[in-house]
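The values are calculated or read from the model by the stated rules, or taken from the named source; none is laboratory data. On a predicted model such as this, the values are computed, not experimentally measured, just so you know. Don't worry about glycine lacking a Cβ; one is built from the backbone with ideal geometry, like all the others, and counts go over all protein chains shown. Ligands, DNA and RNA are stripped out before the accessible areas are found, and what is left, the full protein with its side chains, is counted by its heavy atoms. Shrake-Rupley method; radii C 1.70, N 1.55, O 1.52, S 1.80 Å.
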Amino acid sequence: MGSDTVMGTAQRSRASEEGAATTAQERLSYRPLWVEEPARRRRLPDPVRTAAVRAVLIIALTLLQAMVAFLCTLAESWLAFPMVISSVVSTVVATWSVLDVWVTRQVWNQRNGVVSAPSSTARSLRRERRRARRQARAAERAQERIRRQGGAGQLSHP
């Protein structure tokens with residue numbers, strides 16, 4: 001063993017202090033590659049997501065089938081006619097699957113309710129309508145009170 005590979009106690013402690021200082025600096029300057037942010041939109045409910053995945057798979061197969069039908073037609077293959085017919089049927093099925101996603105979403109919203117946060121404009125319009133209704137009711141009560149009193153307290157009659 002050479003003398004340059006053997007360290008004394010003082011050299012070891014100095015090296016460990018330098019190493020600790022380096023790791024502390026690394027920790028301070030460490031930045032994660034990405035910062036996770038909360039999702040902007042809520043996750044789709046399970047039945048709706050299942051219908052959507054099914055629709056995407058059916059649409060992908062329909063597009064693939066249409067492409068094969070087109071290529072078979074260009075190649076004048078005997079398979080062209082059956083592929084065109086099956087592509088038409090697949091298009092109907094794909095349309096049905098997209099409608100299934102829409103209907104499933106509507107049904108889920110009806111059964112489980114929709115969390116709605118009205119905008120500030122809708123809220124202010126509702127407040128104004130409420131205020132107008134209150135004023136109308138108060139005016140109606142005042143008129144009713146005057147009628148019950150038989151006009152007593154009025155200085156003149158119209």
*Roughly how many nanometres apart are two label points built 7 Å out from the Cα toward the Cβ at GLN106 and SER29?*
6.0 nm
*Extension gain, ARG49 back to THR95 (0.36 nm per residue minus Cα-Cα distance, nm)*: 14.9 nm
*Output ³J(HN,Hα) for region 123-132: one whole-Hz value per residue in order, computed from phi by the Karplus curve 6.51 cos²θ - 1.76 cosθ + 1.60 with θ = phi - 60°, and x for Gly and Pro.*
5, 5, 4, 5, 4, 4, 4, 4, 4, 5
_For SER87, SER29, give me the order by solvent-accessible area with a 1.4 Å probe, most accessible first, ignoring ligands, DNA and RNA._
SER29, SER87
*How far apart, in nm, are two points set 7 Å out from the Cα along the Cα-to-Cβ line at SER124 and at GLN143?*
3.0 nm
